[in-house]
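Below is one structure, written out as structure tokens; the observations come after it.
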Amino acid sequence: ARQAEERKKSQVLQRGLPRPGSIQGLPQPKAPAELAAMSLRERAEAELFAELAALVEHDNAAHPVAKDAEGKGKKDKKRRAKDAEEAAPRQMVRPLQQFGLDELDAARALLAEEAAGVVAAMGHDGVAPEEYLEAWRATVDEWVVDGKGGVVRKATATPAMRIEALRHDWERTRGEMESQAHRAARLDKKAAILVAGLQQRHTKLTGQLDEVVQQVHDAHIELTAFQALRQQEQLTAPDRIERLKL
């Protein structure tokens, strides 16, 4: 039963992938009147975005993103209060429609079939995933993030938009750095707890080893001294014996 419930989760949760904390950056749901005036493709895209927004809201409510280690400063208190205010309305998100495992497997197969059809229609049968990644990297630099969270082409972006894009990248990098720093601190603390006993035993055994090495060194010096004394006695003993006979 537990495995079945895990399989019903979204792929983002199953694979532990990054996910947005809110739907602010996603397209807003369209009104029924707007949907009626759209083409089939536009309507499909709108419904897809609406389903994506519902899935993001549901995942954030049922499985909140783990927060970084809490601090004790004023900024941390304000951040925790803000997180609590944002988390409150999430509990009121409507539940998603539930599907059986057979239906989910059939949907995955249908998506794989449609994806294969699109790949064949575009003539990308022999294109490797690495080539898609290179193409994405080549095109992503042509876009910048504006102040509203959207993206515009760099060629048409104003200086203010470019500055806003740089600020956005800087804040994202700083947030990632702080997140990784908190994670590294937690891992360092856990590692210290796990190896504390081993470190104490290592210190104790190192002291005992030093004592044994010193004892061996002293014993070697004594052995060398007694060997030299034996050789000396062997050389002088005959003379002393002859003197005693006289």
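The values are calculated or read from the model by the stated rules, or taken from the named source; none is laboratory data. Note that this is a predicted model, so its numbers are computed, not measured. Cβ coordinates were reconstructed from backbone atoms using ideal geometry, including for glycine residues, and neighbour counts include every protein chain displayed. Remember, those area values only see protein heavy atoms, side chains included, never the ligands or the DNA or RNA. Shrake-Rupley method; radii C 1.70, N 1.55, O 1.52, S 1.80 Å.
Within the stretch 20-47, how many residues turn out to be of a type in the set (A, V, I, L, M, F, W, C), out of contact with any Asp or Glu (no Cβ under 9 Å at 6 or more places or on another chain), within 26 Å of GLN98 (Cβ to Cβ) and modelled with pLDDT of 85 or more? Step through it out loud before you land on a result.
The initial filter retains those residues of the stretch 20-47 that are of a type in the set (A, V, I, L, M, F, W, C), namely 23, 26, 31, 33, 35-38, 40, 44, 46.
Now narrow it down to the ones that are out of contact with any Asp or Glu (no Cβ under 9 Å at 6 or more places or on another chain): 26, 31, 33, 36-37, 40, 44.
If we keep only those that are within 26 Å of GLN98 (Cβ to Cβ) too, we end up with 26, 44.
Still in the list and also modelled with pLDDT of 85 or more: 44.
Qualifying residue count, the stretch 20-47: 1.
Checking ALA155 against (1) open to solvent by 90 Å² or more (accessible area, probe 1.4 Å); (2) without any contact (Cβ under 8 Å) to a residue 24 or more places away in the chain; (3) under 30 Å from PRO18 (Cβ atoms); (4) assigned to a helix (DSSP H, G or I), which test does it fail? Going through the list (1) open to solvent by 90 Å² or more (accessible area, probe 1.4 Å); (2) without any contact (Cβ under 8 Å) to a residue 24 or more places away in the chain; (3) under 30 Å from PRO18 (Cβ atoms); (4) assigned to a helix (DSSP H, G or I), ALA155 breaks only (4).
Could you tell me how many of the residues in the stretch 1-24 are over 20 Å from the mean Cα position of the chain (by Cα) and either closer than 19 Å to PHE49 by Cβ or not basic (Lys, Arg) (or both)? Total satisfying the criteria: 7.
When residues of the stretch 177-204 are filtered for being open to solvent by 80 Å² or more (accessible area, probe 1.4 Å) and more than 19 Å from the chain's Cα centre (by Cα), how many remain? Working first, answer last.
So the first thing to find is which residues in the stretch 177-204 are open to solvent by 80 Å² or more (accessible area, probe 1.4 Å), and the list is 177-178, 180, 183, 186-190, 193-194, 198-204.
Subsequent filtering for residues that are more than 19 Å from the chain's Cα centre (by Cα) retains 193-194, 198-204.
Within the stretch 177-204, residues that are open to solvent by 80 Å² or more (accessible area, probe 1.4 Å) and more than 19 Å from the chain's Cα centre (by Cα) number 9.
So, in the stretch 11-31, of the ones that are among the charged types (D, E, K, R) and farther than 18 Å from ARG172 by Cα, which residue ends up least open to solvent (accessible area, probe 1.4 Å)? Restricting to residues being among the charged types (D, E, K, R) and farther than 18 Å from ARG172 by Cα, the top hit is LYS30.
Take GLN214 and tell me if it is open to solvent by 90 Å² or more (accessible area, probe 1.4 Å) and more than 21 Å from the chain's Cα centre (by Cα). Give the derivation first.
On the way: open to solvent by 90 Å² or more (accessible area, probe 1.4 Å): yes; more than 21 Å from the chain's Cα centre (by Cα): yes.
Yes.
Listed residues ARG174, ARG167; which is surrounded by 10 or more Cβ atoms within 10 Å (Cβ to Cβ), of a type in the set (Lys, Arg) and either more than 25 Å from PRO27 (Cα to Cα) or in contact (Cβ under 8 Å) with a residue 24 or more places away in the chain (or both)? Before you say what the answer is, go through the steps one by one.
Working: ARG167 fails: either more than 25 Å from PRO27 (Cα to Cα) or in contact (Cβ under 8 Å) with a residue 24 or more places away in the chain (or both).
Going through ARG174, ARG167 in turn, the sole match is ARG174.
Condition check for GLY123 on (1) surrounded by fewer than 10 Cβ atoms within 10 Å (Cβ to Cβ); (2) at pLDDT 80 or above; (3) part of a helix (DSSP H, G or I): one failure, at (3).
Can GLU34 be described as over 27 Å from ALA106 (Cβ atoms), part of a helix (DSSP H, G or I), open to solvent by 90 Å² or more (accessible area, probe 1.4 Å) and of a type outside the set (S, T, N, Q)? Outline the logic, then answer.
Numbers: over 27 Å from ALA106 (Cβ atoms): yes; part of a helix (DSSP H, G or I): yes; open to solvent by 90 Å² or more (accessible area, probe 1.4 Å): yes; of a type outside the set (S, T, N, Q): yes.
When the stated conditions are applied, GLU34 passes them.
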